1. So which residues in the stretch 238-269 are part of a loop (DSSP other than H, G, I, E, B) and buried (at least 17 other Cβ atoms within 10 Å of the Cβ), if there are any at all?
2. Does I255 fit the bill of being outside the structural domain of K104 (by TED's automatic domain parsing) and closer than 28 Å to K65 by Cβ?
3. Just to be sure, is F52 of a type outside the set (S, T, N, Q), touching a Ser or Thr at 6+ places or on another chain (Cβ under 7 Å) and at pLDDT 95 or above?
4. Under 8 Å between Cβ atoms, which residue pairs at least 6 apart in sequence (or on different chains) link something in the stretch 221-233 that is aliphatic (A, V, I, L, M) with a partner that is not in a helix (DSSP H, G or I)?
5. Show the residue pairs meeting these rules: Cβ distance below 7 Å; 6+ apart or different chains; first residue within the stretch 67-83 and of a type in the set (G, A, S); second residue in a loop (DSSP other than H, G, I, E, B) and at pLDDT 90 or above.
6. Residues L190, L228: which one is surrounded by 11 or more Cβ atoms within 10 Å (Cβ to Cβ), modelled with pLDDT of 75 or more and under 28 Å from K263 (Cα atoms)?
Amino acid sequence: MSTKKQQHQKIICIFPLDMPIHSGKYLKIDFIANKNRFIQFWHQSPPSFDAFKSEMLAYTELYLKHRPTQSMWLQQNFKLDLDETAQQWIEEKVNVPCKAAGNKQLAFVISQDILAHMKVIGAFEKIKSCITPHHFATQEGAEKWLDTFELPSKSEHQDMSITYLGTDENGLSELTIKTKSGEILEVIRLFDSLMEESKFVKSNIQKYLSLTEREREVLQLRSTGLQLSEVAEKLHISLFTGQTHWRKVKKKLGISTVVDAAKFVKAFG
C-alpha cells in the first residue's frame, strides 16, 4: 500500500543577520538567533568612560536593530569604575531604549574586580533602573537561568521548519522555510505582519523614548480603555494633570485615539 507524501513548498527569506555582529576595540557582541539573545564579552577593559560610551552606543544601536529579548554581559575583564553620573547615562542611553526594544532578561557574569561589580549592582538599585539584572559567578549559571524562559510558542506551526543557510555575497543571511503547501499564504501573512511591526518600531522608537515615565504610565492605562478620570484615580493625580499628560502623549506620538495608544503599547510593552 503506497502512502502519499505530504507536499511542501519552499520559501527563501533573506534577513540582515550576522554573528558575531560587533567586534570593537574592547567589546565583542554575538547574536544567538535561536535563543533571541545577545552575548557581550569585554576582551579588554575600556580605559576611560569615553571609550566605554563608544562601545555602549554601538551595543544600543545593534539592540534597536535586532531587538533580542535577552542580554548577557560577561564582565570578567571589566575593571572600569563607573560613578553615579556614568550609571545615569547608562540608564538613559542604554537601559531605557533597550528595554523599549524588547529586552526582558538581563544577566551579568561578575567581574574579577569584585568592588567594581558591587558598585554596578548598587547603581541599578540607587538610580531605580527600569530593568532588574541578575548576577552570576559563572557563564554556565547565567545561561541556565536565561534558558528557563521560553521563546514564543510555535505550536500553531508544528509542521513548519526554518533552516539557517548562511550569508550571501552581500552579507545578508538566508533562511529556508518549509511548510505545508496549504499554509503558504498564512506563513507569508505572518512574515508580513512581523515586518510591519518591525517597521513600526524602527520608525517610532524615538517618539516613544521621548515620553516621560509618567506619560508612559498614562499611555499604558489609556490603551486599556480607561477614561481619563479613571487613569487619574489610579495614578493618584488630578484630572487636570491626567489630561495634560494625555495631551502631551498624543502630541509626542502623533496619535489621537485609544486604538493608536494600544498599538504603541503592543509594540513597546
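The values are calculated or read from the model by the stated rules, or taken from the named source; none is laboratory data. Predicted model, so just to flag it, every value in this text is computed and none were measured. In this analysis, Cβ positions are derived from the backbone assuming ideal geometry, glycine residues included, and neighbour counts consider all displayed protein chains.
1. Listed by number, the list holds a single entry, I255.
2. It is true that I255 is outside the structural domain of K104 (by TED's automatic domain parsing) and closer than 28 Å to K65 by Cβ.
3. no
4. Within 8 Å, the pairs are A232/S238.
5. S71/N103
6. L228
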